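The values are calculated or read from the model by the stated rules, or taken from the named source; none is laboratory data. Note that the structure is predicted; figures quoted are calculated from it, not measured. Cβ placement follows ideal geometry from the backbone for every residue including glycine, while neighbour counts extend to all protein chains displayed.
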Amino acid sequence: MATSSGPAAGGGLSSRELQIGWQYRAACKGPVSNLFFAPNHLERKEQRLAREAAAKAICRTCPVLTECREYALLVREPHGIWGGLNEYERRQLLARRAG
């Protein structure tokens, strides 16, 4: 499999590295996964900030934080907390990398 390179293509991680079951080692799998995405109902700002803070705290303990973040950046994931970053933070990071 060809490797991707450059900041927009995963920060130097190969396509293979981004596809090899890192998700199975993620700290967010299981019952806490609902913290990583907005609910289907209206969420107040305070609730969103608290939910995101709880999700990011889990990310900080995650053994695959880098793989998760780079995957989300590579596929331009539009929703949720991935690799410790929310949608806005990922867009900012991509803009800085393109810079």
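Overview of values
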read-out	value
Residue within the stretch 45-61 that is in contact (Cβ under 8 Å) with a residue 12 or more places away in the chain, surrounded by fewer than 19 Cβ atoms within 10 Å (Cβ to Cβ), of a type outside the set (Lys, Arg) and not in a helix (DSSP H, G or I) present	yes
Hey, ALA57 at pLDDT 95 or above, in contact with a helix residue (DSSP H, G or I) (Cβ under 6 Å, 6 or more places away or on another chain) and not hydroxyl-bearing (Ser, Thr, Tyr) or not	no
Residue list for the stretch 83-99, filter: of a type outside the set (Ser, Thr, Tyr), outside any loop (DSSP other than H, G, I, E, B) and under 22 Å from ALA38 (Cβ atoms)	LEU85, GLU87, GLU89, ARG90, ARG91, GLN92, LEU93, LEU94
Residues that are modelled with pLDDT of 95 or more, surrounded by 18 or more Cβ atoms within 10 Å (Cβ to Cβ) and at negative phi, drawn from the stretch 71-85	ALA72, LEU73, ILE81, TRP82, LEU85
Residues being assigned to a loop (DSSP other than H, G, I, E, B), surrounded by fewer than 16 Cβ atoms within 10 Å (Cβ to Cβ) and at pLDDT below 95 - total across the stretch 2-37	10
Within the stretch 86-99, considering residues that are modelled with pLDDT of 95 or more and of a type in the set (A, V, I, L, M, F, W, C), the one surrounded by the most Cβ atoms within 10 Å (Cβ to Cβ)	LEU93
